[in-house]
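Trainee: Here it is: the structure, laid out below.
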Amino acid sequence: MAPERTVIGVDIGGTKVAAALVRGRLPEPGARSRAEVETPEIIDRFTMLTDATSAEACLRGVEACIADLEHGSGRVEGIGVGVASMVDFAGGRVVESVNLPLTDLPLRDHLERRFGVPVVIDNDATAAGIGEHLYGAGVGTSDMLMLTLGTGVGGGIISGGRPLRGASGAAAEIGHIIMDVNGPKCPANCPNHGCLEAYVAGPAMGAAARVAAELEPDSALGRALAAGRTIDSRLLTHLAVEGDVGAIAVLERAGEYLGAGLVTLSNIFDPELIVIGGGAAAAGELLFAPARRVLAARALPPARDRVRVVPAALGPDAGFVGAAALALSELFPGDATA
Ligand SMILES: [Zn+2]
């Protein structure tokens, strides 16, 4: 059995920095289901709003989170960081960010100097994918994709049991696969048009809901607009779950775009499992059912007949559990065979 270790997992997102002090061990190789793995224990947690005014302010927040958790624990063995950025994994650098003021930053070395323990950094969705693969919905799979629907669309790819990072560590930008070459300009810091992110990220679904509200003033969405409420993906999900037909239709269209994206991914990666998480996926089956329908109708056999689409299992803790899983798997690789 792999030794138990105490690590800190940090999830740096555009809205908040969420960190946790975690005690856990790598699962036994060959574990086939969640029941066979020990979910890491969260000893303490700390969350703060991301200060995106400057790189220094953002870093101060991250350091404050880690320092708070480290204080009193006495024996942190490593730190894993998932950051909503393009990451040079081998070099430990943040290359470029969309929603954070972090560019060309040697984050790993900076945190190692500051805290005196080994640090590993990776893209946040890749870290979330590692978490789901080791402890969540993906236990027992060897080929799994993770999509996180939030402010953007993040992606993580597990191929042959290992995270796929590409030649420069920037692989798995699933949010930027093309849905329509002549589609809308990608909302992110991306030169492309018609990216998946332009259809199924939270802001895109919120924008589609606003259009529907204007077209149908008598719908629940239309009445919410008339009442001056902010029409965003959160309200859209709320109204759809309550049964509003207009809101459900907006989510169905988004789900169909999501499914079309999954067709491309299934054809390329032949995953056995696609895990979908993130705040903008809170509508669950209202989004997943149309996605599965398009996937089954349009992807190539045999991959389409095998792949399952499921919600993330680690819930709101997925970010920092993923970062902790990143630390356990990358900083102590010998544990896997211990
Ligand atoms: Zn894009």
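The values are calculated or read from the model by the stated rules, or taken from the named source; none is laboratory data. Everything numeric here is computed off the predicted structure, so don't read it as measured data. Please note: Cβ atoms are built from the backbone with ideal geometry, for glycine as well, and neighbour counts cover all protein chains shown. Areas reflect the complete protein model, heavy atoms only, side chains present, ligands, DNA and RNA absent. Shrake-Rupley method; radii C 1.70, N 1.55, O 1.52, S 1.80 Å.
Trainee: How large is the helix-only mean residue ellipticity at 222 nm for the chain, computed as the sum of -39500 (n - 2.57) over DSSP H runs with n ≥ 4, divided by its residue count, in deg cm²/dmol to the nearest 500?
Mentor: It lands at -11500 deg cm²/dmol.
Trainee: Would you mind computing, in nm to one decimal, how far apart the modelled labels at Ala31 and Arg114 are, each placed 7 Å from Cα along Cα→Cβ?
Mentor: Computed distance between label sites Ala31 and Arg114 equals 3.0 nm.
Trainee: If you average 1/r over all unlike Cα pairs in the chain and invert the result, what Kirkwood radius do you get in angstrom?
Mentor: 20.3
Trainee: Using a 10 Å Cβ count of at most 16 others and DSSP loop calls, identify the longest part of the chain lacking such trypsin sites (Lys or Arg not before Pro).
Mentor: The answer is 76-228.
Trainee: Quick one: what does P(r) look like for region 281-331 with 5 Å bins over all Cα pairs, in whole %?
Mentor: Per 5 Å bin, starting at zero, the Cα-Cα P(r) for region 281-331 comes out as 5, 17, 18, 15, 14, 14, 14, 4, 0 percent.
Trainee: Here's a follow-up. For a quick check: with amide H placed at 1.01 Å from N, whose amide H comes under 5 Å from Ser85's, ignoring anything fewer than 5 positions away on the same chain?
Mentor: Here the answer is Asp124, since their amide H atoms fall under 5 Å of that of Ser85.
Trainee: With r defined as the distance between the Cβ atoms of Met1 and Glu77 and R0 fixed at 22 Å, what FRET efficiency is calculated, to the nearest 0.05?
Mentor: 0.85
Trainee: From Cα pairs below 8 angstrom and at least 6 apart in sequence, can you work out the relative contact order of region 1-144, rounded to a whole percent?
Mentor: In percent, rounded to a whole number, it is 25.
Trainee: Using a Gaussian network model on the chain with a 10 Å cutoff between Cα atoms, which of Leu147, Leu100, Leu225 fluctuates the most?
Mentor: Most flexible of the set in this elastic network: Leu225.
Trainee: Right, here's the next one. As an exercise, use a Förster radius of 25 Å and the Cβ-Cβ distance of Arg223 and Cys190 to find the FRET efficiency, rounded to the nearest 0.05.
Mentor: Using R0 = 25 Å, I get an efficiency of 0.10.
Trainee: Okay, moving on. In whole angstrom, note down how far apart the Cα centers of region 68-100 and region 102-153 are.
Mentor: 8
Trainee: Taking region 136-295 on its own, what percent of its Cα-Cα pair distances exceed 18 Å?
Mentor: Considering region 136-295, 58 percent of its Cα-Cα pairs are separated by more than 18 Å.
Trainee: Also, quick follow-up: I'd like the isolated cysteines in the chain, meaning no second cysteine's beta-carbon lies under 4.7 angstrom from theirs.
Mentor: Cys58, Cys65
Trainee: Then there is this: Using 7 Å Cα-to-Cβ label points, what is the Ile268/Ala289 separation (nm, one decimal)?
Mentor: Reported label-point gap for Ile268 and Ala289 is 3.0 nm.
Trainee: Using only the alpha-carbon atoms of region 203-260, report the extent along each of the three principal axes, biggest first, to the nearest angstrom.
Mentor: Between the extreme Cα coordinates on each principal axis of region 203-260 lie 34, 21, 19 Å.
Trainee: Please list, in order along region 27-44, the HN-Hα scalar couplings obtained from phi with the Karplus expression 6.51 cos²θ - 1.76 cosθ + 1.60 (θ = phi - 60°), rounded to whole Hz, x for Gly and Pro.
Mentor: Karplus-based 3J(HN,Hα) across region 27-44 equals x, 4, x, x, 4, 10, 8, 4, 5, 8, 10, 8, 5, x, 8, 8, 7, 7 Hz.
Trainee: Considering only protein heavy atoms and a probe of 1.4 Å, how much of the accessible area of the chain is carbon and sulfur, as a whole percent?
Mentor: Accessible surface attributable to carbon and sulfur in the chain totals 53 percent.
Trainee: How far apart, in nanometres, would the label points at Ala336 and Met48 be if each is projected 7 angstrom from Cα along the Cα-to-Cβ direction?
Mentor: 3.5
Trainee: Per residue of region 106-116, in order, report the coupling 6.51 cos²θ - 1.76 cosθ + 1.60 (Karplus, θ = phi - 60°) as ³J(HN,Hα) in whole Hz, putting x for Gly and Pro.
Mentor: Here the 3J(HN,Hα) series is x, 4, 4, 5, 4, 6, 5, 5, 5, 10, x Hz.
Trainee: With springs only between Cα atoms under 10 Å, which of Asn99, Asn123, Asn189 fluctuates most in a Gaussian network model of the chain?
Mentor: So, out of Asn99, Asn123, Asn189, the one fluctuating most is Asn189.
Trainee: Show me, for region 169-177, the HN-Hα J-couplings you get by feeding each phi into the Karplus relation (A = 6.51, B = -1.76, C = 1.60, θ = phi - 60°), rounded to Hz, glycine and proline as x.
Mentor: Per residue, the Karplus-derived 3J(HN,Hα) values read x, 10, 5, 6, 7, 4, x, 10, 6 Hz.
Trainee: Using amide H atoms built 1.01 Å from N in the peptide plane, name the residues 5+ places from Gly277, or on other chains, whose amide H lies under 5 Å from its own.
Mentor: Leu147, Thr148, Leu149, Ala312
Trainee: Follow-up. Relative contact order for the chain using alpha-carbon pairs under 8 Å, separation at least 6, rounded to a whole percent?
Mentor: 20
Trainee: For the chain, with every protein chain kept in place, what is the accessible area per residue (1.4 Å probe, Å²)?
Mentor: Heavy-atom SASA per residue in the chain reads 43 Å².
Trainee: Sticking with this one: Obtain the radius of gyration and the Kirkwood radius of region 244-338 from its C-alpha atoms and give Rg over Rh.
Mentor: Ratio value, two decimals: 1.09.
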